[in-house]
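The structure appears below as structure tokens.
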Amino acid sequence: MTKEKMYSLAIRKRANKNDHFWQNDNYTFIEVDINTNGKYWLADPFLFEKDGNIYIFYEAFDLVARKGMLGYSIYNPLNNTATKPHIIIDEFFHLSFPNIFEYAGDIYIMPESCEDHTLHVYKATSFPDKWERVYDILPDVYACDSIFISKENKHYLLTNELYHHTPTGTYPSCWVKNFLYPLNGLKIQGDGIKVGDGEFGIRNAGKSFEIDGTLYRIGQDCRNRMYGCGLVLFEVTSLIPYNESLKLSLTYKDFATKIERRDKSELIGVHTYNFCEHYEIIDFSQMKELSLKILISRFYFRFKRLMRRLSKL
């Protein structure tokens, strides 16, 4: 059978608001049981607590269409399950990294949409199911995994931009450059400043955050053409000029005994981390076999797409 890299989600209960997994010698993430009916794998989790519910927003990768969409599930901590995926944003281009945030009383998502060469922002018109695109915050850019970052009441967009031609021997999704853009509200106010370049910790792996006044950024370890093989934590000491210092680096091997997984296939990556008031979450990847149903569905999907193209000629 054919094998592909697939992602799953794992969650951990926080003891208190200052509790993070890397501060503990012993910690355990537990794989969340989400029934996808074998249609999707789920990655890039973001947590959002509202009205007593714990929402997990994620990239839902359609295994037939081979394209990412944005979806969510509601987490049930009593039995570590979550509702089946609810797809909320589906475009003709790939979407991932659903960076969800509140601003001026409204809820927004700023996903990775580099396939459309524009960084879009969507607003919830009826949370959590209805969203509309309201801003093209950054046009004409090949941007992925963008976050907001603030220090001393100065607010910026920190976006990863892909190279059209990467350095020899590197992988485009791994070797990226970081640009910092000043913000006024949700509008870019000025040109971006290049503040990073490379494959170790440069690509963002979740939101920036503060602990006791210290600002942190979490990135991906993508060395040796291994996309998303680990997490890298930095302390951001200054935004202008941009400076950060390495605090922690963990590869997937460090997580091997720290994630309770239902499928015992070999762990090959961990590449997203986020948290909310009561929980923190990661994704992890494994090589898994595609079902015969998916393989047949893929063939039929491609055949229909080819017929549509031929009919237009």
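The values are calculated or read from the model by the stated rules, or taken from the named source; none is laboratory data. Everything numeric in this text was worked out from a predicted model, so none of it was measured. Glycine gets a Cβ as well: all are built from the backbone with ideal geometry, and neighbour counts include every protein chain shown. Side chains included, ligands, DNA and RNA excluded: accessible areas come from the protein's heavy atoms. Shrake-Rupley method; radii C 1.70, N 1.55, O 1.52, S 1.80 Å.
Worth a mention:
- Top-ranked residue of region 211-235 - restricted to ones that are assigned to a strand (DSSP E or B) and of a type in the set (Asp, Glu), ranked as most open to solvent (accessible area, probe 1.4 Å): Glu235
- Being touching a Lys or Arg at 6+ places or on another chain (Cβ under 7 Å) and either in a strand (DSSP E or B) or within 16 Å of Ala10 (Cα to Cα) (or both) holds for only one residue in Tyr108, Tyr72, Tyr55, and it is Tyr108.
Let's see how each residue does on (1) over 30 Å from Gly38 (Cα atoms); (2) assigned to a loop (DSSP other than H, G, I, E, B); (3) in contact with a His (Cβ under 9 Å, 6 or more places away or on another chain):
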site	(1), (2), (3)
Pro167	yes, yes, no
Gly196	yes, no, no
Thr237	yes, no, no
Leu248	yes, no, no
Asn274	no, no, no
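- Of the residues contained in region 40-52, one or more are found to be in contact with a strand residue (DSSP E or B) (Cβ under 7 Å, 6 or more places away or on another chain) and over 20 Å from Phe255 (Cβ atoms).
- Checking Pro98, Pro172 one by one, the residue that is within 19 Å of the chain's Cα centre (by Cα) and assigned to a loop (DSSP other than H, G, I, E, B) is Pro172 and no other.
Okay, residues lined up against (1) within 21 Å of Leu70 (Cβ to Cβ); (2) hydroxyl-bearing (Ser, Thr, Tyr); (3) at pLDDT below 95:
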| residue | (1), (2), (3) |
| --- | --- |
| Val121 | yes, no, no |
| Tyr135 | yes, yes, yes |
| Ile149 | no, no, no |
| Leu157 | yes, no, no |
| Trp175 | no, no, yes |
| Asn184 | no, no, yes |
| Asp191 | no, no, yes |
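- Residue match in region 125-145 (condition: out of contact with any His (no Cβ under 6 Å at 6 or more places or on another chain), touching a residue at least 40 places away in the same chain (Cβ under 8 Å) and within 20 Å of Tyr7 (Cα to Cα)): yes
- Residues of region 176-210 that are open to solvent by 30 Å² or more (accessible area, probe 1.4 Å), over 11 Å from Leu157 (Cα atoms) and among the hydrophobic types (A, V, I, L, M, F, W, C): Val195, Phe200.
- Checklist (1) within 25 Å of Gly230 (Cβ to Cβ); (2) within 20 Å of the chain's Cα centre (by Cα) applied to Gln23, failing item: (2)
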